[in-house]
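Novice: A single structure is presented below for examination.
The values are calculated or read from the model by the stated rules, or taken from the named source; none is laboratory data. As the structure is a computational prediction, the values presented were derived from the model and not from experiment. All Cβ positions, even for glycine, are placed from backbone atoms using ideal geometry, and neighbour counts span all protein chains on display. Areas reflect the complete protein model, heavy atoms only, side chains present, ligands, DNA and RNA absent. Shrake-Rupley method; radii C 1.70, N 1.55, O 1.52, S 1.80 Å.
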Amino acid sequence: MNGATPDPTEPTRTGDAVSRLRLAQALQRAKIAIAWEQTWPHLARLLTVIGLFLVVSWSGLWLALPSVARAIGLVLFAGLALAALFPLLKFRWPSRERALSRLDRGTGIRHRPATALTDTLATQDPVALALWQAQRERTLASIKRIRAGLPSPRLTLHDPWALRALVAVMMVATFVAAGDERSARVAAGFDWDGVLTPANVRVDAWVTPPVYTGKPPIILSAANKDAAPDAGPLPVPAGSTLIVRSSGGSLDVVVGGGLTEAAPSGEAPKGTNEKHFTIAGNGTAHVRAPSGQPQWKFSAIPDRAPTIALAKDPERQARGSLQMSYKIEDDYGVTEAQARFAARPNEAAKGATATRPLFDPPKFALALPNARTRNGVGQTVKDLSEDPYAGADVTLTLTAKDEAGNEGMSEPFNMRLPERLFTKPLARALIEQRRTLALDANQNSQVYTALDALMIAPELFTPEAGQYLGLYSVARQLEAAHSDDAMREVVASLWALAVTIEDGNITDVDKALRAAQEALKQALERGASDEEIKKLTENLRAALDKFLQQLAEQLRNNPQQLARPLDPNTRMLSQQDLKNMLDRMERLSRSGDKDAAKQLLEQLQQMLENLQMAQPGQNGDGDMEQALNELGDMIRKQQQLRDKTFKQGQDSRRDRMRGNKQGDQSMSDLQQDQQGLRDRLKKLQQELAKRGMGQGQKGQKGQQGDKGQGNKGQGGDQPGDDGDDGDNLGDADSAMGDADGRLGEGNADGAVDSQGKALDALRKGAQSLAQQMQPGDGDGQNDGPGNRAGRQQSGGRDSDPLGRPLRGREFGDDLTVKIPGEIDVQRVRRILEELRRRLGDPQRPQIELDYIERLLKDY
């Protein structure tokens, strides 16, 4: 057989067309397999080089190398890649003969079946043709078993050490280790700016601390020894900004630790590249491009929270304002300080239902010694006398905040907010009910009952029609109040009525003066314009003139105050002195010294708080007012304790009937509270004895009365005091001691009786102190204490249990006995019958029944 090789795909007859197609497909697959076996070893070498490059990149080796080393490394990898691809230049597509030979080996049939199909017959002998045809048919029948087989590149011959597997494992490890920086680390290998950058490229870096620290920028250069890389971490304030600027070429900065990239605050200069980083914690920064830059380490100094503490205990000023002195410290300066108050639960109300205050506790800003106080002592005077919490037990906390937002707090300080001292009994009673309602709206029914009790027998106890009508109006307003807003209006009405009863219209002038002071103070703090400062200063000058005029008018209406001696330590202050202070303050403000102007305003406010220009000789009265205020608080606490004792007695009787003995512990708590009140009373008696305002021991009434006997108009106070307040306080001390013993025995009923006696004695003592504070009889002369004692001994009671003067005895001049007429007797009889009827009504509140019982005992 010879001749040209025919194409096996050409049909020789129609029946074997499918077999011929299968042979052609097998032949194509054989060529592909041969081509893969020839190229894959070379491609594997190229992929190994690429994998090794990724391993080097993802491991961060490029980041540690200079630009020149990166360029050399990249050239080496490029050479290895070209060497792996070079053998592919000789690649040729497999021929038909090689494909047929692969098919012959893949079939497993002897005599080369795939090649045999391509042979031709050279003779025309019929027998040979028949044999040839039969052989061809058998070969075509076996074409289904012809296979090209899978490629076999035999990589083990080219890589006997299996280094390709090691590269694959390293790729997986570095891929995980690189994290989100995979792309950046690969791109670092192509960063050749250090090789191609001109020699005149300049890189500048500096650290800008926050503005509020007041520290200058830190230049990062070799000339700065503190910022040198080998000098250790550079301490900088936390929140500082690292700025790196390059004058040409690209800029690549790698940071770590507490440094994070931030948006630039403005545009970089033309022809430069600039990057900003925030230093929130310890970290490093390295400029990779341009090359040759050092690596800096930073130590972030945290901004400490400011500290604030009371320099001394808060003090009450002469007009009821609160003065606080406090010490402030901070590393960079305090920008804001506040005083916050929180209500303290009443000991006598423990275990009761939750309170529902109508107002939030007060809080206000504190004055700073200067704009950014790093270390100093500040002082603030705040008038809280009108606040509903005035006179209540509170917890004071001072807070200070710096510009970074850090806040520091002082230790809690328990205190009683100063309140305005009311000398008239009705005004004091209204203020007490106002505070009760403001701090707990659930007490509205008890407050209404108390207001209703104050209106009993108005012709005897409230002779002024205006006061009675005001009291009646407030009581009706409270009765109709069904919401918190309506009860807040009642609280405001109670304050207005009490102030009107106490001192008439002077409060409006006083409020206008305080408002003018506060407006000017706020304007100085916010840096207002000179025109606004001038206008507010004129307002303050006008308010001050009206205030002084009001004081002068009050002095003309009460000329007996001139007879009182002045304290030798009193500083005399004229109206011209105040005018000069205002003029100087205005000049300081115009010159830009706002801090000095504000300090001068605070001095003026302090002087006005202690102003005694039109009220000579009131130092002693101020002490009496404080003592009277202390007595009023003790009366309130004793009344609450008595109510709780009465309730505990009822509970104890029920518990004993049930065999429960838990009431003994409650009695012990009540006994401790009673002992605490008695200790306060003893301390007050000692202070009164030191000040010479009464004797603290019982039994000296007659002796002091003998010493103090003096005729009216013979020179005011004599050395002997009447001792009535000390006598009454001694009675209260004895009654409290008796109540303490009864509580220790578990006798609640006996304790309630003793506590009632203590309340009566405390009220009498408060009344005696209030009478000592009142001016003379109206004839320009003061009564001596002996005269007061004589009136009380001969005339009996001069006031009701609330301390209000009885009708016809307000002035104490008429010591004769007035025989009541028939109409008066009938009126008194009807009043007593009404009181007895109300006392017998068990549906009335307990506080009203106790009040009526005290009235009937006194009459």
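Novice: Out of everything in the range 20-55 that is closer than 30 Å to Val186 by Cα and among the β-branched types (Val, Ile, Thr), what residue ends up being modelled with the lowest pLDDT?
Specialist: Thr39
Novice: Here is a further query. When Asp313 is evaluated against the numbered criteria (1) more than 30 Å from Gln640 (Cβ to Cβ); (2) in a loop (DSSP other than H, G, I, E, B); (3) at pLDDT 85 or above, which criterion, by number, is the only one it fails?
Specialist: Just one mismatch for Asp313, condition (1).
Novice: Here's another thing I want to ask about it. State which residue is most open to solvent (accessible area, probe 1.4 Å) when the search covers only the range 540-561 and only residues that are of a type in the set (D, E, K, R) and either at pLDDT below 80 or in contact with a His (Cβ under 6 Å, 6 or more places away or on another chain) (or both).
Specialist: By that ranking, first place goes to Arg556.
Novice: Which numbered condition trips up Ser101, out of (1) open to solvent by 30 Å² or more (accessible area, probe 1.4 Å); (2) under 30 Å from Asp252 (Cα atoms)?
Specialist: (2)
Novice: Quick check on this structure: which one of Ala400, Ala371, Ala367 is under 22 Å from Leu524 (Cα atoms), in contact with a strand residue (DSSP E or B) (Cβ under 6 Å, 6 or more places away or on another chain) and not in a strand (DSSP E or B)?
Specialist: Ala367
Novice: Among the numbered criteria (1) open to solvent by less than 60 Å² (accessible area, probe 1.4 Å); (2) modelled with pLDDT of 65 or more; (3) within 19 Å of Gln767 (Cα to Cα), which one does Gly620 miss?
Specialist: (2)
Novice: Just a yes or no: is a residue in the range 385-394 open to solvent by 20 Å² or more (accessible area, probe 1.4 Å), under 21 Å from Gln605 (Cβ atoms) and either without any contact (Cβ under 8 Å) to a residue 40 or more places away in the chain or not small (Gly, Ala, Ser) (or both)?
Specialist: Taking every residue of the range 385-394 in turn, at least one turns out to be open to solvent by 20 Å² or more (accessible area, probe 1.4 Å), under 21 Å from Gln605 (Cβ atoms) and either without any contact (Cβ under 8 Å) to a residue 40 or more places away in the chain or not small (Gly, Ala, Ser) (or both).
Novice: Now for a separate question. Tell me yes or no: at least one residue of the range 583-594 is hydrophobic (A, V, I, L, M, F, W, C), touching a helix residue (DSSP H, G or I) at 6+ places or on another chain (Cβ under 9 Å) and at pLDDT 75 or above.
Specialist: yes
Novice: Six or more apart or on different chains, Cβ atoms under 8 Å: show the pairs whose first residue is in the range 161-175 and more than 10 Å from Leu52 (Cα to Cα) and in a helix (DSSP H, G or I) and whose second is among the β-branched types (Val, Ile, Thr) and open to solvent by less than 60 Å² (accessible area, probe 1.4 Å).
Specialist: Qualifying pairs under 8 Å: Leu163/Thr48; Thr174/Val55.
Novice: How do the pairs read when you match residues in the range 413-428 that are aromatic (Phe, Trp, Tyr) with residues anywhere that are surrounded by fewer than 22 Cβ atoms within 10 Å (Cβ to Cβ) and modelled with pLDDT under 90, using Cβ under 6 Å and keeping only pairs 6 or more apart or on different chains?
Specialist: Going by the 6 Å Cβ cut-off, the qualifying pairs are Phe422/Glu502.
Novice: Related question: Select from the range 255-273 the residues that are crowded, with 17+ Cβ neighbours inside 10 Å and touching a Lys or Arg at 6+ places or on another chain (Cβ under 6 Å) and list them in ascending order.
Specialist: none
Novice: For residues in the range 497-539 being at pLDDT 85 or above, closer than 20 Å to Lys579 by Cβ and more than 34 Å from the chain's Cα centre (by Cα), which is surrounded by the most Cβ atoms within 10 Å (Cβ to Cβ)?
Specialist: Here the answer is Thr537.
Novice: Something else now. Tell me which residues, restricted to the range 311-342, are touching a Phe, Trp or Tyr at 6+ places or on another chain (Cβ under 9 Å) and either hydroxyl-bearing (Ser, Thr, Tyr) or open to solvent by less than 10 Å² (accessible area, probe 1.4 Å) (or both).
Specialist: Selection gives Tyr332, Gly333, Thr335, Ala337, Ala339.
Novice: Return the residues of the range 603-617 that are at pLDDT 60 or above, within 28 Å of Glu502 (Cβ to Cβ) and open to solvent by 50 Å² or more (accessible area, probe 1.4 Å); say none if nothing qualifies.
Specialist: Asn610
Novice: Considering only residues that are outside any loop (DSSP other than H, G, I, E, B) and surrounded by 18 or more Cβ atoms within 10 Å (Cβ to Cβ), which ones fall in the range 53-70?
Specialist: Phe53, Leu54, Val55, Val56, Ser57, Trp58, Trp62, Leu63, Ser67, Arg70
Novice: Looking only at residues in the range 274-310 that are among the aliphatic types (A, V, I, L, M) and more than 30 Å from Gln338 (Cβ to Cβ), which one is surrounded by the fewest Cβ atoms within 10 Å (Cβ to Cβ)?
Specialist: Filtering the range 274-310 for residues that are among the aliphatic types (A, V, I, L, M) and more than 30 Å from Gln338 (Cβ to Cβ), the one surrounded by the fewest Cβ atoms within 10 Å (Cβ to Cβ) comes out as Val287.
Novice: Determine whether Pro94 is modelled with pLDDT of 70 or more, part of a loop (DSSP other than H, G, I, E, B) and touching an Asp or Glu at 6+ places or on another chain (Cβ under 8 Å).
Specialist: Here the answer is no, as Pro94 does not meet what is asked.
Novice: In addition: Do we have Leu384 as closer than 30 Å to Gln648 by Cα and not in a strand (DSSP E or B) here?
Specialist: No.
Novice: In the range 235-254, what count of residues is obtained for those that are without any contact (Cβ under 8 Å) to a residue 60 or more places away in the chain and open to solvent by 10 Å² or more (accessible area, probe 1.4 Å)?
Specialist: Residues in the range 235-254 being without any contact (Cβ under 8 Å) to a residue 60 or more places away in the chain and open to solvent by 10 Å² or more (accessible area, probe 1.4 Å): 9 in total.
Novice: Something else now. Against the conditions (1) more than 19 Å from Lys363 (Cα to Cα); (2) open to solvent by 50 Å² or more (accessible area, probe 1.4 Å); (3) under 32 Å from the mean Cα position of the chain (by Cα), where does Lys424 fall short? Just the number, please.
Specialist: Of (1) more than 19 Å from Lys363 (Cα to Cα); (2) open to solvent by 50 Å² or more (accessible area, probe 1.4 Å); (3) under 32 Å from the mean Cα position of the chain (by Cα), only one is false for Lys424: (3).
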